[in-house]
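S.K.: Below is a structure I'd like to ask you about.
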Amino acid sequence: KKTVEKRDFLTLLDYSKEEILNLIDEAFKLEENPLQPVLKGKTLAMIFEKSSTRTRVSFETGMLQLGGHALFLSSQDLQLGRGEPVSDTAKVLSGYVDGIMIRTFGHDKIEELAKHASIPVINGLTDLFHPCQALADLKTIYRLKEKFVGVKTAYLGDGNNVAHSLMIAAAKVGMDFSLGCPKGYEPNQSVVEEAQKLAAETGATITITHDPIEAVKDADIIYTDVWASMGQESEQQKRLVAFKDFQVNDQLVKHAKEDYHFLHCLPAHREEEVTASIIDGEHSAVFEQAENRLHVQKALLKELLA
Ligand code: CP
Ligand code: NVA
């Protein structure tokens, strides 16, 4: 169906600093001027193997605002859920639609889908990465701080998909990043190494520590995510114990800059990874951050599908 080389969005590692900054810039423009029919007649297939509020609604709304259409496809309803190969699904969908967004478990599955699809594949979250979230995070941080260089973002909690993408995003744009996690819940070592290589080029620092106070020391941004991600529900009780010193609360934020901002990709569990006093308090920008999913993904859709 497609003749020109297609481009996927599986991880920010595949995008240059300049491309990332251009997407953020375009997102600000789309926020100002949201209705642009650049995707008239185009369709995005959205495959969900996990739950979603923000990703589903922002992609579906974004496609409509760009003049296109989005199809919500639960994997339970697709033949994929009954064992049809990912490769066949990729080839079939490539004959109907102009792009695929997928939320799934193993990152190898999205790579397989992208390999066999002749149309762009967008990562709507895998166990390894959540790059659309990191784009929204960057846009939010830029709006709040008006720069990246010299900004310190501290991530507290699990070294998970959200942490990986945020770490890469920070390294790409030259923002300092520190991650505080309990022993045994560190981010993926090869992702950390990639981020450190990138950081060496941009002048960012990447710090991994088991001390929550050290992590948030003088931070401009404090970020957290759930302690048990989708697919880890059976570890919930064990993780509540392991992560208890990493809760973002009134005591911990005293170590950050006085004018720090709080971010969370959502959904949040109040009184677990963050207290209500923080997430519902005056330093929190979580709903602006959630809204930014819409603006950055529209920039991405415009770039990949138009
Ligand atoms: N932050 C995020 O991806 O939210 P959903 O799981 O609701 O899509
Ligand atoms: N780390 C979380 C993010 C949800 C948006 C998860 O994977 O469930």
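The values are calculated or read from the model by the stated rules, or taken from the named source; none is laboratory data. Just so you know, these numbers come straight off a predicted model, no measurement behind them. Counting neighbours? That spans all protein chains shown, and the Cβs are built from the backbone with ideal geometry, glycine included. These accessible areas exclude ligands, DNA and RNA; they are computed on the full protein's heavy atoms, side chains included. Shrake-Rupley method; radii C 1.70, N 1.55, O 1.52, S 1.80 Å.
Rundown of residues vs (1) within 28 Å of ASP127 (Cβ to Cβ); (2) surrounded by fewer than 17 Cβ atoms within 10 Å (Cβ to Cβ), yes/no style:
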{"residue": "ILE24", "(1), (2)": "yes, no"}
{"residue": "ASN33", "(1), (2)": "no, yes"}
{"residue": "VAL38", "(1), (2)": "no, yes"}
{"residue": "MET46", "(1), (2)": "yes, no"}
{"residue": "SER74", "(1), (2)": "yes, yes"}
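S.K.: Got a number for residues in segment 196-230 being aliphatic (A, V, I, L, M) and within 27 Å of PHE105 (Cα to Cα)?
M.R.: Filtering segment 196-230 down to residues aliphatic (A, V, I, L, M) leaves 198-200, 204, 206, 208, 213, 215-216, 219, 221-222, 226, 228, 230.
After this cut, where a residue has to be within 27 Å of PHE105 (Cα to Cα) as well, the list is 198, 206, 208, 222, 226, 228, 230.
Result for segment 196-230: 7.
S.K.: Then there is this: Please determine whether any residue of segment 58-68 is crowded, with 20+ Cβ neighbours inside 10 Å, without any contact (Cβ under 8 Å) to a residue 60 or more places away in the chain and within 16 Å of ILE100 (Cα to Cα).
M.R.: No, segment 58-68 contains no residue that is crowded, with 20+ Cβ neighbours inside 10 Å, without any contact (Cβ under 8 Å) to a residue 60 or more places away in the chain and within 16 Å of ILE100 (Cα to Cα).
S.K.: Answer with yes or no whether GLY41 is farther than 30 Å from ALA171 by Cα, in contact (Cβ under 8 Å) with a residue 12 or more places away in the chain and in contact with an Asp or Glu (Cβ under 9 Å, 6 or more places away or on another chain).
M.R.: yes
S.K.: Next up: Considering each of PHE287, PHE262 in turn, give the residue that is more than 16 Å from ligand 2 (Cβ to nearest atom) and among the aromatic types (Phe, Trp, Tyr).
M.R.: PHE262
S.K.: Give the residue that is farthest from ligand 2 (Cβ to nearest atom), with candidates limited to residues of segment 222-241 that are part of a helix (DSSP H, G or I) and open to solvent by 40 Å² or more (accessible area, probe 1.4 Å).
M.R.: Within segment 222-241, the first condition is being part of a helix (DSSP H, G or I), and the residues that meet it are 233-241.
Right, trim to open to solvent by 40 Å² or more (accessible area, probe 1.4 Å) and you get 233-238, 240-241.
Values: GLU233: 10, SER234: 14, GLU235: 12, GLN236: 12, GLN237: 17, LYS238: 16, LEU240: 16, VAL241: 19 Å.
Selected residue: VAL241.
S.K.: Every residue in segment 273-303 that is assigned to a loop (DSSP other than H, G, I, E, B) and in contact with a helix residue (DSSP H, G or I) (Cβ under 7 Å, 6 or more places away or on another chain), please.
M.R.: ALA285
S.K.: Please indicate, with yes or no, whether at least one residue in segment 8-16 is at pLDDT below 95, in a helix (DSSP H, G or I), exposed (fewer than 15 other Cβ atoms within 10 Å of the Cβ) and away from ligand 1 (no atom under 16 Å from the Cβ).
M.R.: So in segment 8-16, the residues at pLDDT below 95 come out as none.
No: segment 8-16 contains no residue that is at pLDDT below 95, in a helix (DSSP H, G or I), exposed (fewer than 15 other Cβ atoms within 10 Å of the Cβ) and away from ligand 1 (no atom under 16 Å from the Cβ).
S.K.: Could you give every pair whose Cβ atoms fall below 8 Å, whose first residue belongs to segment 128-148 and is more than 16 Å from ASP225 (Cβ to Cβ), and whose second residue is within 14 Å of ligand 1 (Cβ to nearest atom) and open to solvent by 40 Å² or more (accessible area, probe 1.4 Å), counting only separations of at least 6 or pairs across chains?
M.R.: ARG143/GLU288
S.K.: Give all pairs with beta carbons closer than 7 Å in which a residue from segment 198-221 that is closer than 18 Å to GLY159 by Cβ and assigned to a loop (DSSP other than H, G, I, E, B) meets a residue that is acidic (Asp, Glu) and open to solvent by 10 Å² or more (accessible area, probe 1.4 Å); count only pairs at least 6 apart in sequence or on separate chains.
M.R.: ALA204/ASP176; THR205/ASP176
S.K.: Which is under 30 Å from MET175 (Cα atoms), among the aliphatic types (A, V, I, L, M) and modelled with pLDDT of 95 or more, of LEU71, LEU93, LEU113, LEU135?
M.R.: Residue meeting the stated conditions: LEU135.
S.K.: What's the number of the only condition in (1) more than 15 Å from LEU304 (Cβ to Cβ); (2) away from ligand 1 (no atom under 16 Å from the Cβ); (3) of a type in the set (Gly, Ala, Ser); (4) within 22 Å of the chain's Cα centre (by Cα) that GLY99 fails to meet?
M.R.: Tallying (1) more than 15 Å from LEU304 (Cβ to Cβ); (2) away from ligand 1 (no atom under 16 Å from the Cβ); (3) of a type in the set (Gly, Ala, Ser); (4) within 22 Å of the chain's Cα centre (by Cα), GLY99 fails exactly one: (1).
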